[in-house]
Amino acid sequence: MKDVDFFLIKNKYVGAGGEAIVDNAVTQTTAGIDFGKFSAGLWSNYDMKRGKLNEVDVFGGIPIETKNVNLSIDAGIFAYPNSSYNEDGEVGLTLCSKDLPLDFSVYAGQAFTDGLSRSAGRIFKIGAGKTIALGDNINFTPKVSVTAQNRYFGNEIGFSHVNLEGCLSVSLGKNFGLSVHAGYQHPIDEKRFPNVENTLITGVGLNFNY
């Protein structure tokens, strides 16, 4: 299966640590391919105001399905083509529940910086959500997640923020889909994480798979 996701527009780019990396409109593209026992892809973020690429990521993952949970081992390298920063990277483990009233997930990631030469701390996310069918071709997925950090890219240790998200997706046929996203980020500990702010994130995206 090949899959392409394209955010036509997002109002800003907020990183995994909760900081607003680009505080203006961006577009994002994800292209992935599933090889059965392995998946790989590319992700990019483009600054619409400056007309330049902010970031290009290469990622891969190994999904492992068990009776009670789905497990995924993932790794990515993050490049910044229009800056002087060296590449960063992250290796992570995701656990997702199966056959429960809500879909629970747990993520733990170890980051690397300076051309992957040294540790950049760890990040942890716990989430819960549910996909609700509103019609034959329309789904709504609400989700809540909590993020904790341990020196993640220079941040402090502790719980940093909560995210409330919603996605309305509409199937436009066998291979196409349209989605509308909205999310709200709320800081938990502003003293330890002063760069994590109350933030509203919105976007409209297209999906193509074949």
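Can you run down the residue pairs with Cβ atoms below 9 Å, 6 or more apart or on separate chains, where the first is in the stretch 75-88 and within 24 Å of residue 39 (Cβ to Cβ) and free of Cβ contacts under 8 Å to residues at least 40 places away in the same chain and the partner is outside any strand (DSSP E or B) and small (Gly, Ala, Ser)?
87/115
I'd like the full set of residues that are closer than 17 Å to residue 77 by Cα, among the hydroxyl-bearing types (Ser, Thr, Tyr) and surrounded by fewer than 17 Cβ atoms within 10 Å (Cβ to Cβ), limited to the stretch 102-154.
Across the stretch 102-154, the qualifying residues are 117, 119.
Which of the following residues is assigned to a strand (DSSP E or B), touching a residue at least 40 places away in the same chain (Cβ under 8 Å), among the small types (Gly, Ala, Ser) and out of contact with any His (no Cβ under 9 Å at 6 or more places or on another chain): 179, 160?
When all the criteria are applied, what remains is 160.
Conditions tested, residue by residue: (1) in contact with a Leu (Cβ under 6 Å, 6 or more places away or on another chain); (2) within 19 Å of residue 17 (Cα to Cα); (3) part of a loop (DSSP other than H, G, I, E, B); (4) modelled with pLDDT of 95 or more.
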residue	(1), (2), (3), (4)
61	no, no, no, yes
72	no, no, no, yes
84	no, no, yes, no
92	no, yes, no, yes
100	no, no, yes, no
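Out of the residues in the stretch 30-40 that are in contact (Cβ under 8 Å) with a residue 24 or more places away in the chain and not β-branched (Val, Ile, Thr), which is surrounded by the fewest Cβ atoms within 10 Å (Cβ to Cβ)?
37
The values are calculated or read from the model by the stated rules, or taken from the named source; none is laboratory data. Note that this is a predicted model, so its numbers are computed, not measured. Glycine gets a Cβ as well: all are built from the backbone with ideal geometry, and neighbour counts include every protein chain shown.
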